[in-house]
Amino acid sequence: MGRVGPVAAGESSGSVVRRILLGSQLRRLRDSRGITREAAGYSIRASESKISRMELGRVSFKARDVEDLLTLYGVTDEAERDSLLGLAREANVAGWWHSYGDVLPGWFQTYIGLEGAASLIRIYEVQFVHGLLQTEDYAHAVVSRGMRGAPAAEIDRRVALRLERQKALVSERAPRFHAVLDEAALRRPYGGREVMRTQLRHLIEMSERPNITLQVMPFSFGGHAGESGSFTMLRFPESDLSDIVYLEQLTSALYVDKGEEVAQYEKAMVRLHDESPGPEESRDLLRGLLQLS
């Protein structure tokens, strides 16, 4: 696969966000006119469910469909029409990760686009070190265990995809990344003693980057705000796009964007930040685990 420069990567990642933005604006326009999804679908020779998927940003947009919907919704101002049609064109730009489509589930492609477009990524992880912080050998051990019996070539492709995602953290336009790792994720061995030692050293090194804050939730704290399990919160530079909570499951994922639900995860994340030892003390915990390994 060819290398993707930071500008191209940013544009392709942003296409997912633009799709969501365009969908939300089309929904707002439809609601303001009191038009049903069924009627909107009829106007573009599509179903009500197609309109729903468009408004949720889950499908690509045809220029003709957007033009017809704007006409139906009474948008006659040329500047506004051109702006929204431009958004539709940008929303259809293929992301760099599409070349990994042979090993990448469709539901995860959306997440990669959102992750690449985020200005702030906050995570709590309990099972293993988060993918953005994994070394190559550790990632290989995690993927191999999760895909027992898979061809070696497929495992290598999935690891390569994970390493490609990590480039965003060290790019010129790197997002802020705030990770809380449960001590369980650090004590559960993957790949053997030396793999784990290298992984711990990598975490210490990455935690010293200016855009990365790493905290460890120790066993000694007892019960804490992460009782519901791992989750990710994404924030975007676009002011009219709300935070999104990402919950990964075995065969799919859940994206939470309802304000009251996001607020509950926000409270849990803030408590995890407040209750975990600070970055320097967490580095000391990592050094202690390194000495024990």
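Yes or no: Ser239 of a type in the set (S, T, N, Q), at negative phi and open to solvent by 60 Å² or more (accessible area, probe 1.4 Å)? So that I can check it myself, show each step before the final result.
Numbers: of a type in the set (S, T, N, Q): yes; at negative phi: yes; open to solvent by 60 Å² or more (accessible area, probe 1.4 Å): yes.
So Ser239 fits the description; yes.
Would it be correct to say that Ala253 is of a type in the set (Gly, Ala, Ser), open to solvent by 20 Å² or more (accessible area, probe 1.4 Å), modelled with pLDDT of 90 or more and farther than 23 Å from Asp137 by Cα? Working first, answer last.
Numbers: of a type in the set (Gly, Ala, Ser): yes; open to solvent by 20 Å² or more (accessible area, probe 1.4 Å): yes; modelled with pLDDT of 90 or more: no; farther than 23 Å from Asp137 by Cα: yes.
Judged against the criteria, Ala253 is not a match.
Could you tell me how many of the residues in the range 228-250 are over 14 Å from the mean Cα position of the chain (by Cα), over 23 Å from Ser15 (Cβ atoms) and touching a residue at least 12 places away in the same chain (Cβ under 8 Å)?
Residues that pass the stated criteria total 2.
Only one of Arg28, Arg37 is modelled with pLDDT of 85 or more, touching a helix residue (DSSP H, G or I) at 6+ places or on another chain (Cβ under 6 Å) and surrounded by fewer than 19 Cβ atoms within 10 Å (Cβ to Cβ); which?
Working: Arg28 fails: touching a helix residue (DSSP H, G or I) at 6+ places or on another chain (Cβ under 6 Å).
Arg37 is the lone residue from the list that is modelled with pLDDT of 85 or more, touching a helix residue (DSSP H, G or I) at 6+ places or on another chain (Cβ under 6 Å) and surrounded by fewer than 19 Cβ atoms within 10 Å (Cβ to Cβ).
What are the residue pairs meeting all of these: first residue in the range 276-292, first residue closer than 16 Å to His202 by Cβ, second residue assigned to a helix (DSSP H, G or I) and open to solvent by 80 Å² or more (accessible area, probe 1.4 Å), Cβ atoms under 7 Å, and 6 or more apart or on different chains?
Leu290/Arg201
Tell me whether the range 41-53 contains one or more residues that are touching a residue at least 24 places away in the same chain (Cβ under 8 Å), buried (at least 17 other Cβ atoms within 10 Å of the Cβ) and not in a helix (DSSP H, G or I).
Yes, the range 41-53 contains a residue that is touching a residue at least 24 places away in the same chain (Cβ under 8 Å), buried (at least 17 other Cβ atoms within 10 Å of the Cβ) and not in a helix (DSSP H, G or I).
Suppose we keep only residues that are in contact (Cβ under 8 Å) with a residue 60 or more places away in the chain and open to solvent by 20 Å² or more (accessible area, probe 1.4 Å) within the range 183-195. Which one would you say is nearest to Arg145 (Cα to Cα)? Don't jump to the end; show me each part of the working.
Pass one, the range 183-195, residues in contact (Cβ under 8 Å) with a residue 60 or more places away in the chain: 183, 185-188, 190, 193, 195.
In the following step, the residues that additionally are open to solvent by 20 Å² or more (accessible area, probe 1.4 Å) were identified as 183, 187-188, 193, 195.
Working: Glu183: 20, Arg187: 16, Arg188: 13, Arg193: 16, Val195: 14 Å.
This residue is Arg188.
Kindly check whether there is at least one residue in the range 212-234 that is part of a strand (DSSP E or B) and of a type in the set (D, E, K, R). Give the steps one after another, and end with the answer.
Of all residues in the range 212-234, those part of a strand (DSSP E or B) come to 212-217, 231-234.
Still in the running and of a type in the set (D, E, K, R): none.
Taking every residue of the range 212-234 in turn, none turns out to be part of a strand (DSSP E or B) and of a type in the set (D, E, K, R).
Considering Ala117, Ala139, which residue is modelled with pLDDT under 90 and either within 25 Å of Leu254 (Cβ to Cβ) or buried (at least 17 other Cβ atoms within 10 Å of the Cβ) (or both)? Full working, then the answer.
Details: Ala139 fails: modelled with pLDDT under 90.
Checking each option against the conditions leaves just Ala117.
Every residue, every condition in (1) open to solvent by less than 20 Å² (accessible area, probe 1.4 Å); (2) farther than 25 Å from His273 by Cα, yes or no:
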residue	(1), (2)
Phe128	no, no
Leu132	yes, no
Arg148	no, yes
Glu154	no, yes
Ala160	no, yes
Glu172	no, yes
His178	no, no
Leu181	yes, no
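Within the range 201-226, work out how many residues are open to solvent by less than 10 Å² (accessible area, probe 1.4 Å) and over 12 Å from Ser282 (Cβ atoms).
Number satisfying all stated conditions: 1.
When the residues of the range 58-107 are narrowed to those that are surrounded by fewer than 13 Cβ atoms within 10 Å (Cβ to Cβ) and among the β-branched types (Val, Ile, Thr), which ends up nearest to Arg162 (Cα to Cα)?
Thr71
Okay, residues lined up against (1) in a loop (DSSP other than H, G, I, E, B); (2) under 30 Å from the mean Cα position of the chain (by Cα):
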position	(1), (2)
Gly23	no, yes
Leu29	no, yes
Ala39	no, no
Gly57	yes, yes
Phe61	yes, yes
Thr76	yes, no
Gly86	no, yes
Ser99	no, yes
Asp102	yes, yes
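Taking the condition of being over 15 Å from the mean Cα position of the chain (by Cα) and either more than 21 Å from Met196 (Cα to Cα) or in a loop (DSSP other than H, G, I, E, B) (or both), how many residues in the range 133-169 meet it?
11
Does Ala263 satisfy the condition of being within 23 Å of the chain's Cα centre (by Cα) and either free of Cβ contacts under 8 Å to residues at least 24 places away in the same chain or part of a helix (DSSP H, G or I) (or both)? First the steps, then the outcome.
On the way: within 23 Å of the chain's Cα centre (by Cα): yes; either free of Cβ contacts under 8 Å to residues at least 24 places away in the same chain or part of a helix (DSSP H, G or I) (or both): yes.
Answer is yes for this residue.
How many of the residues making up the range 214-239 are closer than 23 Å to Gln291 by Cβ and modelled with pLDDT of 90 or more? Steps first, please.
So the first thing to find is which residues in the range 214-239 are closer than 23 Å to Gln291 by Cβ, and the list is 214-221.
Cutting the leftovers down to modelled with pLDDT of 90 or more gives us 214-219.
The total comes to 6.
Please verify whether the range 198-217 includes one or more residues that are among the β-branched types (Val, Ile, Thr) and more than 23 Å from Leu120 (Cα to Cα). Working first, answer last.
First, pick out the residues of the range 198-217 that are among the β-branched types (Val, Ile, Thr): 198, 204, 212-213, 216.
From what's left, more than 23 Å from Leu120 (Cα to Cα): 198.
Checking the range 198-217: at least one residue is among the β-branched types (Val, Ile, Thr) and more than 23 Å from Leu120 (Cα to Cα).
The values are calculated or read from the model by the stated rules, or taken from the named source; none is laboratory data. Since the model is a prediction, treat every value here as computed from it, not as a measurement. Please note: Cβ atoms are built from the backbone with ideal geometry, for glycine as well, and neighbour counts cover all protein chains shown. In case anyone asks, the SASA skips ligands and DNA or RNA and just uses the protein heavy atoms, side chains included. Shrake-Rupley method; radii C 1.70, N 1.55, O 1.52, S 1.80 Å.
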